[in-house]
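Down below is the structure, laid out as structure tokens.
Any read-out appearing in this document is the output of simple, stated calculations on the displayed coordinates, not a laboratory observation. Quick caveat: nothing in here was measured; it's all calculated off a predicted structure. Positions of Cβ are generated from backbone atoms using ideal geometry, with glycine treated the same way; all protein chains shown enter the neighbour counts.
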Amino acid sequence: MKWRGRRGSSNVRTSSGGGKMIGGGIGGIIIAGILWLVFGVNPMTALQTGQVITGGGTSTSTEPATGDDRDTQFVKVVLADTEEVWHQIFNEGGQTYQEPSLILFNGQVSSACGSATAATGPFYCPGDQTIYLDTSFFAEMRQNLGISRDQQGSGDIENQGRAGDFAQAYVISHEVGHHVQTLLGITQQVNEASRQVTRTQANKLSVLQELQADCFAGVWAQRNQQRVQFLEPGDIDEAINAASQIGDDRLARASGRAVTPDSFTHGTSQQRVQWFTRGLESGNVQSCDTFSGAL
């Protein structure tokens, strides 16, 4: 993926909250659990299942991310790319896009959705319209998806990306997709509807919400490709591979659990690939109506 030389977002900050992970840390979690956590948790679902520790959180202050660390610079460019694309899409609809913040933290962080550790994985909190990303995220992705930091992409030397860059960008754009849902009022509708139905039905609504965020990530990729031609050979396959590995059904099998669709919260591997691909092929938000007839 080509990303160097483009604007970095000024909305990326680092947390000074610090804190240590409890127990053995993410390295001790089985591979299926890591893959699930690495690719994000719906804050509503996380709070219901206790994956985010609410109450008693540490006080966290943030400051602009000014370091020249490669991963930080990468995050800033990807977030800026999402800003450019979503500003354009919202303008086309006669609306104004409000940019989210992104906080990079190490170990533990407090948000409007509660306190979280690295084990929570990347997540978006509607309460403060902020994406939270632990600094171990990229290392975990490279390790658990078999992505080597030394692998080089194609293209000129200045803009060369590493294998796995676009899979990481997909995850960030998925979380931005949740921000878009908040701006459009979709998140609020899902939360309200979930309070009035059974747990099984609420899980189905969560699946639809996650699949729409996948579709929005695909829309972003297509529109950003039109804008800056940032994709390299193999990038789309990276994202599709990532999406297929984090389906609820595949993760259940990998962890030795029974596949129980009523408990799904993010969708099957096939569904995640299908909706990301739909957004990628259309570049149109209207193609991402996963909720038709559901709300």
Hey, what do the phi angles of region 195-204 turn into as Karplus ³J(HN,Hα) couplings, whole Hz, using 6.51/-1.76/1.60 and θ = phi - 60°, x for Gly and Pro? 6, 10, 10, 6, 4, 4, 5, 5, 4, 5
For Met141, Met1, order by how many other beta-carbon atoms lie within 10 Å, fewest first: Met141, Met1
Between Gln129 and Thr198, what is the spin-label point distance in nm, taking each point 7 Å from the Cα along the Cα→C-beta axis? 3.7
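How long is the gain from Asn191 to Phe291 if the chain were fully straight, where each residue apart is worth 0.36 nm and the alpha carbon distance is subtracted?
Numbers: separation 100, 0.36 × 100 = 36.00 nm, distance 1.34 nm.
My answer for the length gained is 34.7 nm.
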Can you tell me the length gained on complete extension of the stretch Gln73 to Ala139, counting 0.36 nm per residue apart and subtracting the Cα distance? 22.2 nm
I need the calculated FRET efficiency for the pair Ser282 and Ala112, taking r as the beta carbon distance and R₀ as 30 Å, to the nearest 0.05. 0.35
If Ser173, Ser206 are placed from fewest to most neighbouring beta carbons inside 10 Å, the sequence is Ser206, Ser173
Please give me, ordered by residue number, the trypsin sites (Lys or Arg not before Pro) of region 170-221 that lie in loop per DSSP and have at most 15 other Cβ atoms within 10 Å. Arg195
Would you mind putting 284-290, 76-82 in packing order, based on average other-beta-carbon counts within 10 Å, highest first? 76-82, 284-290
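Sort 117-125, 230-238 by the packing proxy (mean of other Cβ within 10 Å over each peptide's residues), most packed first.
Details: 117-125: 24.1, 230-238: 17.8.
Sorting 117-125, 230-238 by mean packing, highest first, produces 117-125, 230-238.
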Per-residue counts of other Cβ atoms within 10 Å, averaged by peptide: what ranking do you get for 126-139, 211-224, highest first? 211-224, 126-139
